[in-house]
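Colleague: Can you keep this structure in mind? I'll have questions shortly.
Laboratory data are not the source of any read-out in this text; all were calculated from the coordinates shown. A quick note: this is a predicted structure, and the numbers were derived from the prediction, not measured. As a convention, Cβ positions derive from the backbone with ideal geometry for all residues, glycine included, and neighbour counts pool all protein chains shown.
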Amino acid sequence: MTDPLAGIDRLTGWFRDSAAPLWARAGWDTRHGGFFEALDFNGEAIRGDRRVRVQARQVYTFSMIGAHGWSDRAESIAAKGFDYLIERACPDGAARGCAHVLSDDGKIIDERRDLYDQAFLLMACAGRIAAANCDRALMAAQRTLAFLDRELSSPHGGWNENENAETPRRQNPHMHLFEAFITLFQTTGDEIWRDKAASVFALFTERFYDPAERVLIEFLTSDLKSRDAQRGDEIEPGHMMEWVWLLGNYATVSGADQRESMTALYQSAQSYCDADGFLPDKVSTGALSGARRLWPQTEYIKAAFRLSAAPDDQYARDGAMVIDKLFATYFQQPVAGLWCDQYDGDGAPIAADVPASILYHLYEAVAESMHFANGGTKR
């Protein structure tokens, strides 16, 4: 197995030298503006409708890529991408957050206010504030938060799925709001964001995390008191790893030690690994789904290095092991900087294209790995 620090260097080099430049070139639409949803396996853009959450993810990711100096084009397209996001998907300057889907030429074709989308709009704002101290982004973040509290707030805690209060309710959008609130606090220093993160943390401890079974509850009833009758038994190990990382980040801004919960979640998620050491997409009533996307593996890397105390401990070795496995499988593509997004239970590739949404997961895995390699001094 590769030495953890050597593995981190290899992962960082691949992302910096191959993935970031490729996606900066091929992932941006020079005709209509905005980011493409996916590339094909030759690295060429696939035109079609665009989820707003992907636009927001790419704004955040390219803001960070630009801040690291990994692509000459990154800051420019992050800035243009944010303007596109606000002007096309956020009517009245995000007075009601963002819409759900745009057409290829940038028209709103689904006006729904999905909670998950709002979380990534906030992440995009955080990225622009961090990279360029953008006043427009700060205003959009403040307006989006006001919209969430005014129109989507639930009397049972947290926020509804959308303006229609559809069920089941999910922990997932709250998890990404937790991430956005922490990131906005770190970039602005405004206590409102840390207070909002604390409210999501309370939901995690009281509703989303089952300490007896050491699992994350994905789907819940409208009052958040019970698991959803149809999907309440579904478990997503990748999200459990993601919470490990987020709890570590929350400990940094709150001062509250989360090591016990982080370790329990990590060990529980790891127990679901398949025979090849990969995390499956989901587990339901004890049976693995078989299929495994790339993003759960990136969350595994983030969690491992967040827990690690030294390059020679087991957590660091876990992170290095996953990196090795990615280069032997997901990253084995004819065009450097692309990936296979999903394999089936037999290890056969089943992805039809290369989704842009995964660049965000990869960036965060690289950033956390670098943070560890640098002794915790720089992300």
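Colleague: At a 10 angstrom cut-off on C-beta neighbours, averaged per residue, how do the peptides 65-73, 18-26 rank from highest to lowest?
Modeller: The densest-packed peptide leads the list: 18-26, 65-73.
Colleague: Read phi for every residue in region 157-166 and hand back ³J(HN,Hα) as whole Hz from Karplus 6.51 cos²θ - 1.76 cosθ + 1.60, θ = phi - 60°, with x for Gly and Pro.
Modeller: Each residue of region 157-166 in turn: x, x, 10, 5, 4, 6, 5, 8, 6, 5 Hz.
Colleague: Which of 140, 351, 48 sits closest to the plus end of the dipole of the chain, meaning its Cα is farthest towards the positive end, when Lys and Arg get +1 and Asp and Glu get -1 on the C-beta?
Modeller: 140
Colleague: Then there is this: Considering only C-alpha atoms, what is the centroid distance from region 172-238 to region 339-354, in Å?
Modeller: Each part reduced to its Cα centre gives a spacing of 29 Å.
Colleague: I've got another one for you. Name the long-range amide H neighbours of residue 153: under 5 Å, sequence gap of 5 or more, or other chain; modelled H, no Pro or chain starts.
Modeller: Placed amide hydrogens put 160 under 5 Å from residue 153.
Colleague: Which of 170, 113, 259 moves the most in a Gaussian network model of the chain with Cα springs under 10 Å?
Modeller: 259
Colleague: Skipping prolines and chain starts, which residues have an amide H placed within reach, meaning under 5 Å, of the one on residue 350, given they are 5 or more residues away or on another chain?
Modeller: 342, 343, 344
Colleague: Kindly write out, for region 190-197 in residue order, the coupling ³J(HN,Hα) from the Karplus curve 6.51 cos²θ - 1.76 cosθ + 1.60 (θ = phi - 60°), rounded to whole Hz, with x marking Gly and Pro.
Modeller: 7, 4, 4, 6, 5, 5, 5, 4
Colleague: If you don't mind, there's one more thing I want to ask. Of 245, 198, 211, which is farthest towards the positive pole of region 194-264's charge dipole, taken about the Cα centre with +1 and -1 on the beta-carbons of Lys, Arg and Asp, Glu respectively?
Modeller: Positive-end residue among those listed: 198.
Colleague: Could you put 295, 339 in order, starting from the residue whose Cβ has the fewest other Cβ atoms within 10 Å?
Modeller: 339, 295
Colleague: Continuing with the same structure: Return the long-range amide H neighbours of residue 110 (sequence gap of 5 or more, or a different chain), with a cut-off of under 5 Å between placed amide H atoms.
Modeller: So residue 110 has HN proximity to 100, 101.
Colleague: Ordered by packing density, taken as the mean number of other Cβ atoms within 10 Å over each peptide's residues, highest first, how do 228-236, 171-179, 156-164 rank?
Modeller: Output ranking for 228-236, 171-179, 156-164: 171-179, 156-164, 228-236.
Colleague: When Lys and Arg each count +1 and Asp and Glu each count -1, what net charge do the other residues less than 11 Å away from residue 282, Cβ to Cβ, add up to?
Modeller: Here the count lands on -2.
Colleague: Right, next: What list of ³J(HN,Hα) couplings, whole Hz, do you get for region 95-102 from phi and the Karplus terms 6.51, -1.76, 1.60, once you set θ to phi - 60° and write x for glycine and proline?
Modeller: Calculated HN-Hα couplings, in order: 4, 10, x, 10, 6, 9, 9, 10 Hz.
Colleague: Would you mind working out the magnitude of the charge dipole of the chain relative to its Cα centre, with +1 at each Lys and Arg C-beta and -1 at each Asp and Glu C-beta, to the nearest 20 Debye?
Modeller: Computed charge dipole of the chain: roughly 700 debye.
Colleague: In the structure shown, do any of 80/107; 196/302; 302/325; 80/302; 107/282 have a Cα-Cα gap over 26 Å, and if so which?
Modeller: 80/302; 107/282
Colleague: Follow-up. Order by neighbour count: 302, 282, 107, 80, fewest other Cβ atoms within 10 Å first, most last.
Modeller: Arranged by neighbour count, lowest to highest, 302, 282, 107, 80 become 107, 80, 282, 302.
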